[in-house]
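J.: For reference, the structure I am asking about is given below.
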Amino acid sequence: MNIAIIPARGGSKRIPRKNIKMFHGKPIIAYSIEVAKKSGLFEHIIVSTDDQEIAEIARSYGAEVPFMRPNNLADDYTGTLDVLNHSLTWLEENNFNVTYICCIYATSPFLTEHAIAKGREQIMSSNLNYTFSATEYNFPIQRAFYFNDLSTISMFQPEHLTSRSQDLIPAFHDAGQFYWCSPSAIKESKPFFSSNSAAIIIPRQLVHDIDTLDDWEQAELAFEILQKPIRK
């Protein structure tokens, strides 16, 4: 069976209570639960949390919370693979026959059923460890620079100082929406990004990394624009 795991700890620092903060009229985690339900791909949609309020809200939107995550897996240093490993161990100990796990982040209001389905199709057809959402950088990373001090800069790749943008190889980054995972890859803590992973490309307008309050405001504005009907 395919199982969605939505990690949602209670102790977010930069945006307090981020995973249940109201986003256009409902807790942001509701969007992740709803898109998982709409996809029709999962026998179970489980929220992994250490927080009773998050658990109650998750259940009210149709997710399951059959276990509470221990505190030692709910701090600022716990990685996604640790959370998935804990969830997978619980599932197997309770006789769930897991084919694939799809980790869906709780702050993914732009995620679509189509993207999730493409990820599932890719991992099933190619015997991969993972498939995950990604998008293209909106500026050539080869032209990036850093500050040496307050007045001088250096390029990361000075050999591209005069390169034309159209001549540079496009670069992509993790969109932070979902990861389809094989159980064996989770158990062995294999890295998400390797030659045995595939990226599902998401349009840039559907990718918003929400880590700060500024990010949150920008995401809400973008979401509002996307909801407006297209004038013909």
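The values are calculated or read from the model by the stated rules, or taken from the named source; none is laboratory data. Remember, it's a predicted structure, so these values are computed and weren't measured experimentally. Virtual Cβ from ideal backbone geometry, glycine too; neighbours counted across all protein chains shown. For accessibility, only protein heavy atoms count, side chains too; no ligands or nucleic acids. Shrake-Rupley method; radii C 1.70, N 1.55, O 1.52, S 1.80 Å.
J.: Based on the Cα atoms of the chain, what semi-axes does the equivalent ellipsoid have, where each is the square root of 5 times one gyration tensor eigenvalue, given in whole Å with the largest first?
T.: Numbers: eigenvalues 197, 96, 74 Å².
Square roots of five times the eigenvalues give 31, 22, 19 Å.
J.: Given charges of +1 on the Cβ of Lys and Arg and -1 on the Cβ of Asp and Glu, with all other atoms neutral, how large is the dipole of region 1-106 about its Cα centre, in debye to the nearest 20?
T.: Values: 11 positive and 12 negative charges, 115 e Å.
Around 560 debye, computed over region 1-106.
J.: Using +1 on the beta carbon of Lys and Arg, -1 on that of Asp and Glu, and nothing else charged, what's the dipole of the chain about the Cα centre, debye to 20?
T.: Details: 21 positive and 27 negative charges, 137 e Å.
Charge dipole of the chain: 660 debye, to the nearest 20.
J.: When only alpha-carbon atoms count, how far does region 120-214 stretch along each of its three principal axes, as whole angstroms with the largest first?
T.: Here the spans come out as 50, 35, 28 Å, largest first.
J.: Of all the accessible heavy-atom surface of the chain, with the other protein chains kept in place and a 1.4 Å probe, what percent is carbon and sulfur? Intermediate results must be reported in sequence, preceding the final value.
T.: Details: 6430 of 12730 Å².
Here carbon and sulfur together make up 51 percent of the probe-accessible area.
J.: With contacts defined as alpha carbon pairs under 8 Å and 6 or more residues apart, what's the relative contact order of the chain in percent?
T.: Relative contact order comes out at 23 percent.
J.: May I pose another question? With every protein chain present, what is the per residue accessible area of the chain (1.4 Å probe, Å²)?
T.: It amounts to 55 Å² per residue over the chain.
J.: On to the next question. Between T112 and residues 5 or more places away or on another chain, which pairs have amide H atoms under 5 Å apart, with H built 1.01 Å from N, and which residues are they?
T.: Here the answer is none, since no amide H 5 or more places off falls under 5 Å of that of T112.
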